[in-house]
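Step one of this worksheet: look at the structure below.
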Amino acid sequence: MSAVLKSQQQPLAINGQRLWDSLMEMAKIGATARGGVCRLALTDLDREGRDLFVRWAREAGCTITVDQMGNVFARRAGRDHSLTPVVTGSHADSQPTGGRFDGIYGVLGGLEVIRSLNDHGIETDRPIEVVIWTNEEGSRFAPAMVASGVFAGVFTLEYGLSRADVDGKTMGEELARIGYAGDQPMGKPIHAAFELHIEQGPILETEGVTIGVVTHAQGQRWYEVVFTGQESHAGPTPMPRRRDALLGAARVIDLVNQIGHAHAPYACATVGMLQVHPNSRNVIPGRVFFTVDLRHPEDAVLSQMDAELRAGIARIAAEAKVEVSKLEQIFYYAPVPFDRDCVNSVRAAAERFGYSHRDIVSGAGHDACYLAQVAPTSMVFVPCVGGISHNEIEDAKPEWIEAGCNVLLHAMLGRAGR
Ligand code: HGY
Ligand code: MN
Ligand code: MN
(Lines give C-alpha, C1' and ligand atoms only; values in the text may rest on other atoms or scores of the structure.)
(Ligands and ions follow the chains in the order given, each with its own letter.)
Protein backbone atom coordinates (compact mmCIF):
# COMPACT_ATOMS: atom_id res chain seq x y z
CA MET A 1 0.00 0.00 0.00
CA SER A 2 1.48 3.38 -0.99
CA ALA A 3 2.55 5.65 1.86
CA VAL A 4 0.02 8.23 0.75
CA LEU A 5 -2.77 5.69 0.61
CA LYS A 6 -1.66 4.21 3.94
CA SER A 7 -1.57 7.64 5.56
CA GLN A 8 -5.01 8.32 4.13
CA GLN A 9 -6.19 5.00 5.63
CA GLN A 10 -4.75 5.57 9.13
CA PRO A 11 -6.80 8.14 11.04
CA LEU A 12 -4.80 10.72 12.96
CA ALA A 13 -3.82 9.06 16.23
CA ILE A 14 -2.47 10.09 19.61
CA ASN A 15 0.79 8.91 21.16
CA GLY A 16 -0.37 6.19 23.51
CA GLN A 17 3.02 5.64 25.12
CA ARG A 18 3.37 9.33 25.96
CA LEU A 19 -0.12 9.39 27.50
CA TRP A 20 0.62 6.27 29.56
CA ASP A 21 3.96 7.71 30.72
CA SER A 22 2.25 10.97 31.76
CA LEU A 23 -0.36 9.04 33.73
CA MET A 24 2.32 7.04 35.52
CA GLU A 25 4.33 10.21 36.24
CA MET A 26 1.24 11.90 37.69
CA ALA A 27 0.45 8.77 39.73
CA LYS A 28 3.69 9.29 41.68
CA ILE A 29 2.02 12.31 43.30
CA GLY A 30 0.10 10.96 46.28
CA ALA A 31 1.11 7.38 45.47
CA THR A 32 -0.15 4.87 48.07
CA ALA A 33 1.41 1.61 49.22
CA ARG A 34 -1.12 -0.53 47.32
CA GLY A 35 -0.49 1.18 43.99
CA GLY A 36 -3.22 3.80 44.09
CA VAL A 37 -3.25 7.51 44.79
CA CYS A 38 -4.54 9.79 47.53
CA ARG A 39 -4.79 13.37 46.25
CA LEU A 40 -7.75 14.74 48.22
CA ALA A 41 -9.19 17.98 46.84
CA LEU A 42 -7.20 21.15 47.64
CA THR A 43 -4.52 19.38 49.63
CA ASP A 44 -0.83 20.01 48.94
CA LEU A 45 -0.82 16.85 46.82
CA ASP A 46 -3.72 18.15 44.74
CA ARG A 47 -1.74 21.35 44.26
CA GLU A 48 1.31 19.34 43.19
CA GLY A 49 -0.77 17.49 40.61
CA ARG A 50 -2.28 20.73 39.33
CA ASP A 51 1.16 22.34 39.11
CA LEU A 52 2.49 19.40 37.07
CA PHE A 53 -0.44 19.62 34.65
CA VAL A 54 0.01 23.41 34.32
CA ARG A 55 3.73 22.96 33.58
CA TRP A 56 3.01 20.31 30.92
CA ALA A 57 0.21 22.38 29.39
CA ARG A 58 2.43 25.46 29.13
CA GLU A 59 5.15 23.32 27.54
CA ALA A 60 2.49 22.34 24.98
CA GLY A 61 1.88 26.02 24.21
CA CYS A 62 -1.29 26.49 26.22
CA THR A 63 -2.30 29.60 28.10
CA ILE A 64 -3.63 28.99 31.63
CA THR A 65 -6.53 30.66 33.41
CA VAL A 66 -8.11 29.77 36.78
CA ASP A 67 -11.64 30.65 37.82
CA GLN A 68 -12.99 31.54 41.26
CA MET A 69 -13.63 27.87 42.15
CA GLY A 70 -10.09 26.90 41.17
CA ASN A 71 -11.08 25.26 37.90
CA VAL A 72 -7.94 25.30 35.71
CA PHE A 73 -8.39 26.00 31.96
CA ALA A 74 -5.49 25.17 29.59
CA ARG A 75 -6.29 26.81 26.25
CA ARG A 76 -4.81 25.98 22.82
CA ALA A 77 -5.53 28.85 20.42
CA GLY A 78 -7.62 28.27 17.31
CA ARG A 79 -7.59 30.22 14.08
CA ASP A 80 -10.44 32.37 15.33
CA HIS A 81 -10.11 33.29 19.02
CA SER A 82 -13.60 34.79 18.98
CA LEU A 83 -15.15 31.34 18.53
CA THR A 84 -16.31 29.47 21.62
CA PRO A 85 -14.01 26.59 22.61
CA VAL A 86 -14.34 22.85 22.36
CA VAL A 87 -13.68 21.67 25.90
CA THR A 88 -12.50 18.46 27.50
CA GLY A 89 -11.06 17.56 30.90
CA SER A 90 -12.09 15.95 34.16
CA HIS A 91 -10.80 16.03 37.74
CA ALA A 92 -7.38 15.66 39.38
CA ASP A 93 -8.61 15.07 42.92
CA SER A 94 -9.01 11.49 44.10
CA GLN A 95 -10.73 9.38 46.72
CA PRO A 96 -8.68 8.63 49.87
CA THR A 97 -7.93 5.18 48.45
CA GLY A 98 -8.27 6.16 44.80
CA GLY A 99 -6.78 4.84 41.59
CA ARG A 100 -4.31 6.05 38.98
CA PHE A 101 -6.96 6.70 36.29
CA ASP A 102 -10.21 8.03 37.84
CA GLY A 103 -10.48 11.64 36.65
CA ILE A 104 -6.87 12.27 35.77
CA TYR A 105 -7.17 10.09 32.67
CA GLY A 106 -9.63 12.64 31.26
CA VAL A 107 -7.31 15.52 32.13
CA LEU A 108 -4.14 13.99 30.68
CA GLY A 109 -6.10 12.52 27.75
CA GLY A 110 -7.09 16.08 26.90
CA LEU A 111 -3.46 17.17 27.17
CA GLU A 112 -2.48 14.31 24.86
CA VAL A 113 -5.00 15.57 22.29
CA ILE A 114 -3.23 18.94 22.35
CA ARG A 115 0.23 17.38 22.22
CA SER A 116 -0.83 15.26 19.22
CA LEU A 117 -2.31 18.23 17.35
CA ASN A 118 0.98 20.02 17.96
CA ASP A 119 2.98 17.02 16.67
CA HIS A 120 1.01 17.03 13.43
CA GLY A 121 0.92 20.83 13.09
CA ILE A 122 -2.84 20.80 13.00
CA GLU A 123 -4.68 24.09 13.52
CA THR A 124 -8.33 24.11 14.49
CA ASP A 125 -10.85 26.86 13.82
CA ARG A 126 -11.99 26.87 17.42
CA PRO A 127 -9.84 27.11 20.54
CA ILE A 128 -9.49 23.86 22.48
CA GLU A 129 -9.48 23.86 26.29
CA VAL A 130 -8.55 21.15 28.78
CA VAL A 131 -10.00 21.67 32.25
CA ILE A 132 -9.23 20.43 35.74
CA TRP A 133 -12.56 20.69 37.61
CA THR A 134 -12.07 21.22 41.34
CA ASN A 135 -13.36 18.71 43.91
CA GLU A 136 -15.23 16.36 41.60
CA GLU A 137 -15.08 13.48 44.08
CA GLY A 138 -17.08 15.06 46.87
CA SER A 139 -14.90 13.15 49.33
CA ARG A 140 -13.09 15.86 51.32
CA PHE A 141 -15.74 18.48 50.52
CA ALA A 142 -19.35 17.50 49.83
CA PRO A 143 -21.17 17.47 47.49
CA ALA A 144 -19.43 16.03 44.45
CA MET A 145 -18.81 18.02 41.26
CA VAL A 146 -19.36 21.22 43.20
CA ALA A 147 -17.01 23.38 41.08
CA SER A 148 -18.43 22.32 37.73
CA GLY A 149 -21.81 22.82 39.37
CA VAL A 150 -20.94 26.43 40.21
CA PHE A 151 -19.58 26.87 36.64
CA ALA A 152 -22.94 25.61 35.30
CA GLY A 153 -24.92 27.87 37.64
CA VAL A 154 -26.38 24.97 39.65
CA PHE A 155 -24.74 26.24 42.85
CA THR A 156 -23.84 29.82 43.81
CA LEU A 157 -20.19 30.78 44.16
CA GLU A 158 -20.80 31.56 47.81
CA TYR A 159 -22.19 28.04 48.36
CA GLY A 160 -19.23 26.47 46.60
CA LEU A 161 -16.55 28.42 48.44
CA SER A 162 -18.23 27.77 51.80
CA ARG A 163 -18.15 23.93 51.53
CA ALA A 164 -16.17 22.76 54.55
CA ASP A 165 -14.27 19.58 55.36
CA VAL A 166 -14.51 17.63 58.65
CA ASP A 167 -12.01 20.06 60.21
CA GLY A 168 -14.10 23.07 59.21
CA LYS A 169 -11.67 24.26 56.52
CA THR A 170 -13.61 25.77 53.61
CA MET A 171 -12.92 25.38 49.90
CA GLY A 172 -12.37 29.13 49.67
CA GLU A 173 -9.67 29.02 52.37
CA GLU A 174 -8.00 25.96 50.89
CA LEU A 175 -8.04 27.37 47.33
CA ALA A 176 -6.24 30.46 48.64
CA ARG A 177 -3.80 28.34 50.66
CA ILE A 178 -2.71 26.27 47.66
CA GLY A 179 -2.62 29.26 45.31
CA TYR A 180 -5.55 28.31 43.07
CA ALA A 181 -8.13 30.91 44.07
CA GLY A 182 -8.51 32.24 40.55
CA ASP A 183 -10.00 35.55 39.47
CA GLN A 184 -11.76 34.37 36.29
CA PRO A 185 -15.53 34.76 36.78
CA MET A 186 -17.55 31.54 36.87
CA GLY A 187 -19.09 30.23 33.68
CA LYS A 188 -18.42 30.99 30.00
CA PRO A 189 -19.83 29.86 26.65
CA ILE A 190 -18.66 26.44 25.43
CA HIS A 191 -19.27 25.14 21.91
CA ALA A 192 -19.13 21.46 22.88
CA ALA A 193 -17.65 19.38 25.71
CA PHE A 194 -16.39 15.80 25.92
CA GLU A 195 -15.14 13.96 29.03
CA LEU A 196 -12.93 10.87 28.79
CA HIS A 197 -13.16 8.48 31.76
CA ILE A 198 -12.81 4.85 32.78
CA GLU A 199 -16.21 3.16 33.17
CA GLN A 200 -15.62 2.34 36.85
CA GLY A 201 -17.93 -0.65 36.43
CA PRO A 202 -17.73 -4.15 34.87
CA ILE A 203 -19.85 -3.89 31.70
CA LEU A 204 -17.28 -3.02 28.99
CA GLU A 205 -14.62 -5.44 30.20
CA THR A 206 -17.15 -8.27 30.69
CA GLU A 207 -18.47 -7.80 27.16
CA GLY A 208 -15.00 -7.34 25.66
CA VAL A 209 -15.94 -3.89 24.36
CA THR A 210 -13.31 -1.15 24.04
CA ILE A 211 -15.37 2.06 23.89
CA GLY A 212 -18.41 3.08 25.91
CA VAL A 213 -20.56 5.60 24.04
CA VAL A 214 -22.11 7.32 27.04
CA THR A 215 -25.70 8.33 26.29
CA HIS A 216 -26.85 9.20 29.81
CA ALA A 217 -25.69 9.40 33.44
CA GLN A 218 -27.88 8.17 36.26
CA GLY A 219 -29.33 10.59 38.81
CA GLN A 220 -28.12 10.73 42.41
CA ARG A 221 -29.39 11.69 45.85
CA TRP A 222 -26.95 12.10 48.77
CA TYR A 223 -28.12 12.35 52.41
CA GLU A 224 -26.58 13.05 55.80
CA VAL A 225 -28.31 11.42 58.77
CA VAL A 226 -27.79 11.71 62.54
CA PHE A 227 -29.47 9.38 65.04
CA THR A 228 -29.44 10.42 68.69
CA GLY A 229 -30.13 7.83 71.40
CA GLN A 230 -28.67 7.76 74.88
CA GLU A 231 -25.17 6.87 75.91
CA SER A 232 -25.17 4.52 78.87
CA HIS A 233 -23.16 1.70 80.38
CA ALA A 234 -22.92 -1.48 78.30
CA GLY A 235 -23.11 -3.59 81.48
CA PRO A 236 -25.90 -2.52 83.85
CA THR A 237 -28.29 -1.12 81.20
CA PRO A 238 -31.02 -3.72 80.53
CA MET A 239 -31.64 -4.40 76.82
CA PRO A 240 -35.28 -3.14 76.81
CA ARG A 241 -34.22 0.19 78.29
CA ARG A 242 -31.60 1.00 75.69
CA ARG A 243 -31.75 3.80 73.14
CA ASP A 244 -28.94 2.57 70.95
CA ALA A 245 -28.16 4.95 68.06
CA LEU A 246 -25.91 2.42 66.36
CA LEU A 247 -28.60 -0.26 66.41
CA GLY A 248 -30.88 2.18 64.58
CA ALA A 249 -28.16 3.02 62.05
CA ALA A 250 -27.42 -0.67 61.50
CA ARG A 251 -31.06 -1.31 60.62
CA VAL A 252 -31.04 1.66 58.20
CA ILE A 253 -27.91 0.30 56.53
CA ASP A 254 -29.84 -2.92 55.88
CA LEU A 255 -32.85 -0.90 54.70
CA VAL A 256 -30.68 1.02 52.19
CA ASN A 257 -29.36 -2.26 50.82
CA GLN A 258 -32.93 -3.62 50.51
CA ILE A 259 -34.01 -0.47 48.62
CA GLY A 260 -31.18 -0.98 46.16
CA HIS A 261 -32.14 -4.59 45.51
CA ALA A 262 -35.86 -3.77 45.38
CA HIS A 263 -35.27 -1.58 42.31
CA ALA A 264 -32.93 -3.90 40.49
CA PRO A 265 -31.27 -4.10 38.04
CA TYR A 266 -30.22 -0.46 37.84
CA ALA A 267 -30.65 0.98 41.35
CA CYS A 268 -27.60 1.58 43.53
CA ALA A 269 -27.80 2.31 47.26
CA THR A 270 -24.83 2.77 49.58
CA VAL A 271 -23.95 3.84 53.12
CA GLY A 272 -20.33 4.93 52.81
CA MET A 273 -19.61 6.93 55.99
CA LEU A 274 -20.42 6.00 59.61
CA GLN A 275 -19.24 7.88 62.69
CA VAL A 276 -20.12 6.50 66.13
CA HIS A 277 -20.04 8.59 69.32
CA PRO A 278 -18.41 8.07 71.76
CA ASN A 279 -17.08 4.98 69.92
CA SER A 280 -16.06 3.23 73.14
CA ARG A 281 -16.43 -0.52 73.42
CA ASN A 282 -18.39 -0.47 76.70
CA VAL A 283 -20.64 2.54 76.03
CA ILE A 284 -23.97 2.20 74.27
CA PRO A 285 -23.62 4.62 71.31
CA GLY A 286 -25.58 7.79 71.93
CA ARG A 287 -25.02 9.44 68.55
CA VAL A 288 -24.33 8.16 65.05
CA PHE A 289 -23.67 10.12 61.82
CA PHE A 290 -23.96 8.32 58.51
CA THR A 291 -24.39 9.06 54.80
CA VAL A 292 -26.68 7.55 52.17
CA ASP A 293 -26.05 7.54 48.39
CA LEU A 294 -29.00 6.56 46.13
CA ARG A 295 -28.78 6.35 42.33
CA HIS A 296 -30.99 5.36 39.42
CA PRO A 297 -31.23 6.19 35.69
CA GLU A 298 -34.95 7.05 36.02
CA ASP A 299 -35.94 10.07 38.11
CA ALA A 300 -39.33 8.64 39.11
CA VAL A 301 -37.67 5.53 40.57
CA LEU A 302 -35.08 7.69 42.33
CA SER A 303 -37.99 9.61 43.91
CA GLN A 304 -39.60 6.33 44.97
CA MET A 305 -36.33 5.24 46.56
CA ASP A 306 -36.21 8.58 48.40
CA ALA A 307 -39.71 8.04 49.78
CA GLU A 308 -38.91 4.49 50.90
CA LEU A 309 -35.75 5.71 52.63
CA ARG A 310 -37.55 8.47 54.52
CA ALA A 311 -40.42 6.23 55.61
CA GLY A 312 -38.02 3.49 56.65
CA ILE A 313 -35.86 5.83 58.70
CA ALA A 314 -38.89 7.14 60.60
CA ARG A 315 -40.11 3.60 61.34
CA ILE A 316 -36.71 2.30 62.43
CA ALA A 317 -35.98 5.30 64.64
CA ALA A 318 -39.29 4.85 66.45
CA GLU A 319 -38.66 1.14 66.97
CA ALA A 320 -35.14 1.78 68.28
CA LYS A 321 -36.38 4.68 70.43
CA VAL A 322 -33.83 7.05 68.89
CA GLU A 323 -34.34 10.57 67.56
CA VAL A 324 -33.71 11.50 63.91
CA SER A 325 -31.79 14.67 64.72
CA LYS A 326 -30.76 15.12 61.10
CA LEU A 327 -32.04 13.78 57.78
CA GLU A 328 -30.82 16.18 55.09
CA GLN A 329 -30.59 15.62 51.36
CA ILE A 330 -27.36 17.45 50.56
CA PHE A 331 -27.10 16.67 46.85
CA TYR A 332 -29.44 15.78 44.02
CA TYR A 333 -29.39 15.81 40.29
CA ALA A 334 -31.77 14.17 37.88
CA PRO A 335 -30.58 11.59 35.34
CA VAL A 336 -28.66 13.32 32.53
CA PRO A 337 -29.33 12.74 28.81
CA PHE A 338 -26.16 13.69 26.91
CA ASP A 339 -26.30 15.64 23.64
CA ARG A 340 -27.27 13.43 20.67
CA ASP A 341 -24.82 15.05 18.24
CA CYS A 342 -21.95 14.73 20.71
CA VAL A 343 -22.91 11.12 21.40
CA ASN A 344 -22.97 10.46 17.65
CA SER A 345 -19.52 12.11 17.30
CA VAL A 346 -18.13 9.66 19.86
CA ARG A 347 -19.74 6.69 18.14
CA ALA A 348 -18.47 7.80 14.71
CA ALA A 349 -14.95 8.23 16.08
CA ALA A 350 -15.00 4.72 17.54
CA GLU A 351 -16.20 3.34 14.21
CA ARG A 352 -13.47 5.25 12.35
CA PHE A 353 -10.86 3.29 14.28
CA GLY A 354 -12.83 0.06 14.12
CA TYR A 355 -13.05 -0.10 17.92
CA SER A 356 -15.77 -2.29 19.42
CA HIS A 357 -18.28 -0.02 21.14
CA ARG A 358 -21.66 0.02 22.84
CA ASP A 359 -24.00 2.61 24.27
CA ILE A 360 -23.80 2.82 28.04
CA VAL A 361 -25.29 4.76 30.95
CA SER A 362 -22.80 6.18 33.44
CA GLY A 363 -23.27 4.81 36.94
CA ALA A 364 -20.89 7.42 38.33
CA GLY A 365 -21.35 11.15 38.42
CA HIS A 366 -18.96 13.30 36.39
CA ASP A 367 -18.38 16.99 35.75
CA ALA A 368 -19.89 16.34 32.32
CA CYS A 369 -23.23 15.88 34.11
CA TYR A 370 -23.26 19.57 35.02
CA LEU A 371 -21.58 20.77 31.82
CA ALA A 372 -24.46 19.13 29.97
CA GLN A 373 -26.70 21.80 31.46
CA VAL A 374 -24.81 24.61 29.70
CA ALA A 375 -23.27 23.05 26.58
CA PRO A 376 -23.70 20.09 24.20
CA THR A 377 -21.79 17.41 26.10
CA SER A 378 -21.05 13.70 26.07
CA MET A 379 -18.51 11.22 27.40
CA VAL A 380 -16.14 8.51 26.22
CA PHE A 381 -15.68 5.44 28.42
CA VAL A 382 -13.02 2.75 28.37
CA PRO A 383 -13.01 -0.43 30.47
CA CYS A 384 -11.17 -0.77 33.76
CA VAL A 385 -9.77 -4.04 35.09
CA GLY A 386 -12.38 -6.06 36.97
CA GLY A 387 -14.70 -3.06 36.80
CA ILE A 388 -13.01 -1.84 39.98
CA SER A 389 -12.58 1.86 40.80
CA HIS A 390 -12.48 4.02 43.95
CA ASN A 391 -9.91 1.45 45.01
CA GLU A 392 -6.10 1.54 44.96
CA ILE A 393 -6.01 -1.52 42.70
CA GLU A 394 -7.88 0.40 39.94
CA ASP A 395 -6.22 -0.49 36.65
CA ALA A 396 -6.62 -0.20 32.87
CA LYS A 397 -4.84 -1.69 29.86
CA PRO A 398 -2.62 0.68 27.82
CA GLU A 399 -4.53 -0.23 24.65
CA TRP A 400 -7.81 0.85 26.27
CA ILE A 401 -6.22 4.12 27.43
CA GLU A 402 -4.90 4.79 23.92
CA ALA A 403 -8.18 3.87 22.19
CA GLY A 404 -10.27 6.14 24.40
CA CYS A 405 -7.99 9.09 23.72
CA ASN A 406 -8.04 8.44 19.96
CA VAL A 407 -11.84 8.60 20.11
CA LEU A 408 -11.68 11.79 22.16
CA LEU A 409 -9.30 13.35 19.60
CA HIS A 410 -11.64 12.72 16.70
CA ALA A 411 -14.82 13.60 18.55
CA MET A 412 -13.25 16.95 19.46
CA LEU A 413 -11.77 17.57 16.01
CA GLY A 414 -15.19 17.05 14.50
CA ARG A 415 -16.49 19.98 16.52
CA ALA A 416 -13.40 22.21 16.54
CA GLY A 417 -13.10 22.53 12.76
CA ARG A 418 -9.82 21.53 11.11
O1 HGY B 1 -19.70 9.71 43.18
C2 HGY B 1 -19.45 9.73 41.98
O3 HGY B 1 -20.19 9.22 41.19
C4 HGY B 1 -18.20 10.41 41.48
O5 HGY B 1 -17.14 9.50 41.60
N6 HGY B 1 -17.91 11.61 42.23
MN1 MN C 1 -14.13 10.42 38.28
MN1 MN D 1 -14.36 9.08 41.41
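The values are calculated or read from the model by the stated rules, or taken from the named source; none is laboratory data. Keep in mind it's a predicted model, so treat the numbers as computed, not measured. Note: ideal-geometry Cβ built from the backbone for every residue, glycine included; neighbour counts use all protein chains shown. Note: accessible area is taken over every heavy atom of the protein model, side chains too, but ligands, DNA and RNA are not part of it. Shrake-Rupley method; radii C 1.70, N 1.55, O 1.52, S 1.80 Å.
Points worth noting:
- Sorted peptide list for 253-266, 78-91, criterion being average Cβ within 10 angstrom, highest first: 78-91, 253-266
- Measuring nothing but how far apart in sequence close Cα pairs (under 8 Å, 6+ apart) lie, relative to its length, the chain scores a relative contact order of 23 percent.
- Descending Cα extents along the principal axes, segment 1-151, whole Å: 54, 39, 23
- The chain, accessible area per residue, ligands and nucleic acids excluded (1.4 Å, Å²): 41
- Charge dipole (Cα centre; +1 on Lys/Arg Cβ, -1 on Asp/Glu Cβ; no other charges) of the chain amounts to roughly 280 debye.
- Within the accessible area of segment 166-313 (1.4 Å probe), percent carbon and sulfur: 53
- Expressed in units of 2.2 N^0.38 Å, where N is the residue count, the Cα radius of gyration of segment 70-117 is 1.36.
- Using alpha carbons only: equivalent-ellipsoid semi-axes of segment 6-79, gyration tensor based, whole Å: 27, 21, 9
- Protection proxy ranking of 399-409, 277-287, by the mean of other Cβ atoms within 10 Å over each peptide's residues and highest first, is 399-409, 277-287.
- Segment 72-154, accessible surface, carbon-and-sulfur percent (1.4 angstrom probe): 45
- Under 16 Å from the Cα of Lys28 - aspartates and glutamates, other chains or at least 8 residues apart: Asp44, Asp46, Glu48, Asp51, Asp93, Asp102, Glu392, Glu394, Asp395
- On Cα atoms only, tilt of 104-119 relative to the major axis of the chain in degrees: 10
- Stokes-Einstein diffusion for segment 289-369, with the hydrodynamic radius set to the Kirkwood value over Cα pairs and evaluated at 20 °C in a medium of 1.002 mPa s, equals 133 µm²/s.
- In nm, spacing of pseudo-spin labels at Arg310 and Ile64 (7 Å Cα→C-beta vector): 4.6
- Carbon/sulfur fraction of accessible area - segment 333-418, other protein chains in place, 1.4 Å, %: 48
- About its Cα centre, segment 193-261 has a charge dipole of approximately 600 debye under the convention of +1 per Lys or Arg Cβ and -1 per Asp or Glu Cβ, with nothing else charged.
- About the Cα centre, charge dipole magnitude for segment 304-418 (Lys/Arg +1, Asp/Glu -1 at Cβ), debye: 320
- Two-decimal ratio, the chain, of alpha-carbon radius of gyration to 2.2 N^0.38 Å: 1.05
- Segment 122-265 has equivalent-ellipsoid semi-axes of 41, 26, 12 Å, by the square roots of 5 times the alpha carbon gyration tensor eigenvalues, sorted largest first.
- Fraction of the pair-distance distribution of segment 185-235 above 12 Å, Cα-Cα pairs, percent: 82
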